[in-house]
1. Return the residues of the range 126-143 that are surrounded by fewer than 19 Cβ atoms within 10 Å (Cβ to Cβ) and in contact with a helix residue (DSSP H, G or I) (Cβ under 8 Å, 6 or more places away or on another chain); say none if nothing qualifies.
2. Considering every residue within the range 110-128, establish whether at least one is under 23 Å from H28 (Cα atoms) and assigned to a loop (DSSP other than H, G, I, E, B).
3. Which of the residues that make up the range 87-109 are exposed (fewer than 15 other Cβ atoms within 10 Å of the Cβ) and part of a loop (DSSP other than H, G, I, E, B)?
4. Go through (1) touching a residue at least 40 places away in the same chain (Cβ under 8 Å); (2) more than 19 Å from K43 (Cβ to Cβ); (3) surrounded by fewer than 19 Cβ atoms within 10 Å (Cβ to Cβ); (4) of a type outside the set (D, E) one by one and return the number of the condition S117 breaks.
5. Taking the range 5-30 as the region of interest, how many residues are surrounded by 15 or more Cβ atoms within 10 Å (Cβ to Cβ) and among the aliphatic types (A, V, I, L, M)?
6. Based on what the data block shows, is R122 surrounded by 13 or more Cβ atoms within 10 Å (Cβ to Cβ), modelled with pLDDT of 95 or more and over 16 Å from the mean Cα position of the chain (by Cα)?
7. Quick one: in the range 31-49, which of the residues that are assigned to a loop (DSSP other than H, G, I, E, B) and more than 14 Å from the chain's Cα centre (by Cα) is surrounded by the most Cβ atoms within 10 Å (Cβ to Cβ)?
8. Any residue that is charged (D, E, K, R) and in contact with a helix residue (DSSP H, G or I) (Cβ under 6 Å, 6 or more places away or on another chain) - is there at least one of those in the range 36-49?
Amino acid sequence: MGDISEIVRLVQQKIERREQTTTRVSVHDTDQLTEKTALGARKIIITDIYPTDLALLLSLSQTAPLVKFIQLAQADGDEVRLQIAFTNVNFIPWSLLVDWSLNFSLADERQLHVSKSHMISRRDVVNLTKQSVFIKRNDQQMTASAQEYLRDQQIEILERTDQLCIWQK
């Protein structure tokens, strides 16, 4: 009976360690885009993401290591963050920002946030990370209270011209 208790304890420790582990992997290091990597951490940050990688992701190509890796990680309940290697957020498809269960950050690690709401209120922004970036479309309105909160939290507001990104036009 002691052997089973020890096995259970070791498994619980491994699960607890995994829950607290964040793994960083470059999209270009395809040897690391594996099941072992996905199963080793609860939070995964994929770095060096370029617009071509986003186009590949949108295509859902089952032969692309990035696509397979993200699907595997999400099926396992992992939080996946794509760290983009460029500064122009107009290169990120709006649908990836609002419809996919992915998180995005800039190369400087500031998180990107969006809202689907036509009228963005304080309620939409109150839980955002301080000093992050909020992306809105130019057809979205924002209450004065939301603007004040973003300013107080040093959250930069970037405005997009439309839902399509530059390379989708």
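The values are calculated or read from the model by the stated rules, or taken from the named source; none is laboratory data. If you're wondering where the values come from, they're calculated on a predicted model, not measured in any experiment. Note that each Cβ is placed from the backbone with ideal geometry, even for glycine, and that neighbours are counted across all protein chains shown.
1. Residues satisfying the conditions are V126, L128, R137, T143.
2. Keep residues of the range 110-128 that are under 23 Å from H28 (Cα atoms), which gives 110-112.
Now drop any that are not assigned to a loop (DSSP other than H, G, I, E, B), which leaves 110.
Yes, the range 110-128 has at least one match.
3. Here is the first cut: in the range 87-109, the ones exposed (fewer than 15 other Cβ atoms within 10 Å of the Cβ) are 87-88, 95, 98-99, 101, 107-109.
Scanning the range 87-109 gives T87, N88, D99, S101, A107, D108, E109.
4. In the conditions (1) touching a residue at least 40 places away in the same chain (Cβ under 8 Å); (2) more than 19 Å from K43 (Cβ to Cβ); (3) surrounded by fewer than 19 Cβ atoms within 10 Å (Cβ to Cβ); (4) of a type outside the set (D, E), S117 misses (1) alone.
5. Residues meeting the conditions: 2.
6. Details: surrounded by 13 or more Cβ atoms within 10 Å (Cβ to Cβ): yes; modelled with pLDDT of 95 or more: yes; over 16 Å from the mean Cα position of the chain (by Cα): yes.
So R122 passes the test.
7. Step one: list which residues in the range 31-49 are assigned to a loop (DSSP other than H, G, I, E, B), which gives 33-34, 40-42.
Keeping just the survivors that are more than 14 Å from the chain's Cα centre (by Cα) gives 33-34, 40-41.
Details: L33: 23, T34: 15, G40: 15, A41: 21.
Residue satisfying both the conditions and the ranking: L33.
8. To start, the set of residues in the range 36-49 that are charged (D, E, K, R) comprises 36, 42-43, 48.
Imposing the further condition that a residue be in contact with a helix residue (DSSP H, G or I) (Cβ under 6 Å, 6 or more places away or on another chain) reduces the set to 42.
There is at least one residue in the range 36-49 that is charged (D, E, K, R) and in contact with a helix residue (DSSP H, G or I) (Cβ under 6 Å, 6 or more places away or on another chain).
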